[in-house]
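Encoded as structure tokens, the structure appears first; notes follow it.
The values are calculated or read from the model by the stated rules, or taken from the named source; none is laboratory data. On a predicted model such as this, the values are computed, not experimentally measured, just so you know. Reconstructed Cβ throughout: ideal geometry from the backbone, glycine too, with neighbour counts over all protein chains shown.
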Amino acid sequence: MQILDGKSCSEQIRQEIADQVSQLKSKGRRPPHLAAILVGDDGASETYVANKVKDCQQVGFESSLIRFDKSVSEAELLAKIEELNANEAVDGFIVQLPLPDHIDEHKVTVSIDPRKDVDGFCPENVGNLCLGLPTFVSATPNGIMELLARYNIETEGKHCVVLGRSNIVGTPMAILMSRNTNPGNSTVTLAHSRTKNLKALCAEADILVAAIGKPEFVSADMVKQGAVVIDVGITRLADDSRASGFRLVGDVQFDSVAEKAAWITPVPGGVGPMTRASLLQNTLKAYLRN
Ligand code: GUN
């Protein structure tokens, strides 16, 4: 088994971006600017957004964090989005999800200017992805494709099973892997909670992407000998033996699956850091495009 090391790969990407930013700055250009809107005080969202701001600082981007109380009205949030759409000093922005129940996430997503939608969530960008047109691909699938590319993992003609059909990960991942690209050109099965014979299906996969959000769901008997296993899950499980009181686990039973896999992503240190690097790549792309 070999590790698909998302941590070191993402550090390489970050360095490439930082080099590009310092070249831009040396030519007197302003740096790329990412803004993030955070509504409420959800612990996980706080961490994700704080990391996005930290990542921007590390590569030399400008960043803005715009916070709203969880009681903010939908109209007020939409007004801020309009303001960011019009602000030429902001290249891209994200609205951290989930949002409080009284705010319609779809309304929010569709109001972001597609040219600034570095999350790649809006219908125009998802549509472009389906058509193979230039777009922003959402960060996690984009990061996985980058990881496969940088490790030269052969995907052409392989059977790729994607577990989970979310708009953010599973669905775009299935589209990307089926495209006439490298990586890509796989024969893709998009499996989900209603799929019959799930275990047997997964065991036929040459490439298995686990993105169902169920900790340690994928056991060794669901994995073919020599498969490439990509673990998108990340869940905190209580663990008294750790100083932190918890450990992070993915959707895959790592130790036993690693014995059968040819390549596997660890949790943490696999897909997570690649997702973070992808948002930076998309922001730089938005800056260069606009
Ligand atoms: N919530 C969980 N993941 C994401 C993400 O990639 N983007 C946004 N905006 N919200 C999220």
Residues that are over 16 Å from residue 262 (Cβ atoms) and either buried (at least 24 other Cβ atoms within 10 Å of the Cβ) or at pLDDT below 95 (or both), drawn from segment 146-165: 162, 163, 164
Across segment 75-120, the tally of residues that are within 10 Å of the ligand (Cβ to nearest atom) and out of contact with any strand residue (DSSP E or B) (no Cβ under 8 Å at 6 or more places or on another chain) stands at 4
Scan segment 204-215 residue by residue and report those that are part of a loop (DSSP other than H, G, I, E, B), crowded, with 18+ Cβ neighbours inside 10 Å and not β-branched (Val, Ile, Thr). 205, 206, 211
Restricted to segment 163-192, and to residues that are under 20 Å from residue 273 (Cα atoms) and of a type in the set (A, V, I, L, M), which residue is farthest from the ligand (Cβ to nearest atom)? 176
Selection count, segment 240-284, where residues are away from the ligand (no atom under 16 Å from the Cβ), part of a helix (DSSP H, G or I), surrounded by 14 or more Cβ atoms within 10 Å (Cβ to Cβ) and not β-branched (Val, Ile, Thr): 4
How many residues, within segment 47-63, are surrounded by 13 or more Cβ atoms within 10 Å (Cβ to Cβ) and either within 15 Å of the ligand (Cβ to nearest atom) or over 25 Å from residue 287 (Cα atoms) (or both)? 9
Looking at 29, 67, 14 in this structure, which one is closer than 13 Å to residue 284 by Cβ and loosely packed, with under 15 Cβ neighbours inside 10 Å? 29
Exactly one condition in (1) under 19 Å from the mean Cα position of the chain (by Cα); (2) more than 19 Å from residue 283 (Cα to Cα); (3) in contact (Cβ under 8 Å) with a residue 24 or more places away in the chain is not met by residue 105; state its number. (3)
So the check is Cβ under 9 Å with 6+ separation or different chains; which pairs have a first residue in segment 9-34 that's over 18 Å from residue 289 (Cβ atoms) and a second one that's among the basic types (Lys, Arg) and part of a helix (DSSP H, G or I)? 9/150; 10/276; 12/150; 13/150; 14/276
When you go through 22, 8 one by one, which is the residue that is surrounded by fewer than 17 Cβ atoms within 10 Å (Cβ to Cβ), more than 17 Å from the chain's Cα centre (by Cα), assigned to a helix (DSSP H, G or I) and at pLDDT 95 or above? 22
Going by the conditions given, is residue 138 hydroxyl-bearing (Ser, Thr, Tyr) and either away from the ligand (no atom under 16 Å from the Cβ) or surrounded by fewer than 19 Cβ atoms within 10 Å (Cβ to Cβ) (or both)? no
Looking only at segment 247-290, how many residues end up being under 16 Å from residue 11 (Cα atoms) and among the basic types (Lys, Arg)? 1
Exactly one condition in (1) modelled with pLDDT of 95 or more; (2) surrounded by fewer than 20 Cβ atoms within 10 Å (Cβ to Cβ); (3) in a helix (DSSP H, G or I) is not met by residue 44; state its number. (1)
